[in-house]
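Inspection log for the structure reproduced underneath, given as structure tokens.
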Amino acid sequence: MFSFIPKYLGIFLNFIYENLAFKNYGLAIILFTLIVKLILLPLTIKQTKSAAKMQELQPIIQELQRKYKNDPNKLNEELMKLYTEHKYNPASGCLPLLVQLPILFSLIYVIGQPLTYMFGYSADKIKELVNAVPEGMRVAGFYAQLGAVNYHNILNMKFLGLDLGLVPTLNPKVLFGAEMSKYLPLLILPVLSFASSIISNKLMLTTSMKKDSNNSNNNNNSKDATVAMQKNMMIFASIMSLWVSFKFPAGLGLYWFSSNLFQVFQQLYLNKFITNKKEVPEN
């Protein structure tokens, strides 16, 4: 993890919290997610165009693979010629994902240690705050800062009645114990994260399958294998969102849900104006 990424993300999130979100942490995370999505939109459009181009080239690629199946070097040479001729970069489709992953992992640090990354508190100051908390109420390990935060004076982590500094749990003793009013409502975020992930990935899969079905030259076996792989990735991504929601503070779950929700609207936009846009033939 490059430490400068969570550092500057924390500064950016704090700026939104202080100036745009009326010092509402949940709203700050939602606005942060929207801004990140808008910044990455040009890359996402490029990725979408790249995927569409790849599907157009697929019949030619399959023909080359059949023709040069016993000559890998010649096959690679012909593929490079094909990519150059059609101005296609095979790596371009991965760029948005490569950019978004460091943001997600960095947010774990920002949300788990807000005093360090959002407010720039020194290690000594944080230790002082942690030590001021009664020993039986201290939070151990990575999230110790969350137990030291005075939410009214430093960071208001309350959002629609939810404490976004707490980690959701399925432990019955916690859910139905003395702090039931805090932990039971938090279950809505893992549910929303999981459901929105399924919807978002399902929409992208449907778009891909529709595009594939329009290409009648595709080999059926290859197409079935691609669809199966995409379905497995969709299931993995949805399960991953659920796992994340129960391992990290609820603020990260809110980010994941917001990201999925924006992804749905973004995909609808891309489908209408990019994926399904018909090119006007040149005279």
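When you have a sec, figure out the Kirkwood radius of the chain from all distinct Cα pair distances and drop it here in Å to one decimal?
Numbers: mean 1/r = 0.0463 Å⁻¹.
About 21.6 Å for the chain.
Of GLU78, GLU179, GLU128, which has the most accessible area and how do the rest follow, probe 1.4 Å?
Working: GLU78 35, GLU179 85, GLU128 115 Å².
Greatest to least solvent exposure: GLU128, GLU179, GLU78.
When all alpha-carbon pairs of the range 115-194 are counted, what percent fall beyond 15 Å?
Values: 1989 of 3160 pairs.
Result: 63 percent of Cα pairs exceed 15 Å.
With every protein chain present, what accessible area does ASP71 have (1.4 Å probe, heavy atoms only), rounded to the nearest 10 Å²?
Only protein atoms counted, so the area is about 70 Å².
If the chain between VAL99 and LYS182 were fully stretched, how many nm would it gain, using 0.36 nm times the residue separation less the Cα-Cα distance? Can you show the working numbers first?
Values: separation 83, 0.36 × 83 = 29.88 nm, distance 3.42 nm.
My answer for the length gained is 26.5 nm.
No solvent, one uniform scatterer per C-alpha: report log10 I(q)/I(0) for the range 71-168 via the Debye equation at q = 0.17, 0.22 1/Å, two decimals.
-0.84, -1.15
How high is the relative contact order of the chain, in percent, with contacts defined as C-alpha pairs under 8 Å that are six or more residues apart? Write down the numbers at each step before the final one.
Numbers: 288 pairs, mean separation 71.2, N = 283.
In percent, rounded to a whole number, it is 25.
Leaving ligands, DNA and RNA out of it, rank PHE105, PHE176, PHE248, PHE22 by accessible area with a 1.4 Å probe, largest first. Write down the numbers at each step before the final one.
Details: PHE105 95, PHE176 135, PHE248 35, PHE22 175 Å².
Heavy-atom accessible area, descending, gives PHE22, PHE176, PHE105, PHE248.
Running a GNM on the chain with Cα contacts under 10 Å, which residue among PRO185, PRO102, PRO134 ends up with the highest mean-square fluctuation?
Taking springs between Cα atoms under 10 Å, the residue moving most is PRO134.
Between GLU18 and THR169, take the C-beta separation as r, use R0 = 35 Å, and let me know the FRET efficiency to the nearest 0.05. Mind showing how you got there, number by number?
On the way: r = 31 Å, r/R0 = 0.87.
With a Förster radius of 35 Å, E is 0.70.
The values are calculated or read from the model by the stated rules, or taken from the named source; none is laboratory data. All figures in this text were calculated on a predicted structure; none of them were measured in a lab. Glycine gets a Cβ as well: all are built from the backbone with ideal geometry, and neighbour counts include every protein chain shown. The area values use the complete protein model at the heavy-atom level, side chains included, leaving out ligands, DNA and RNA. Shrake-Rupley method; radii C 1.70, N 1.55, O 1.52, S 1.80 Å.
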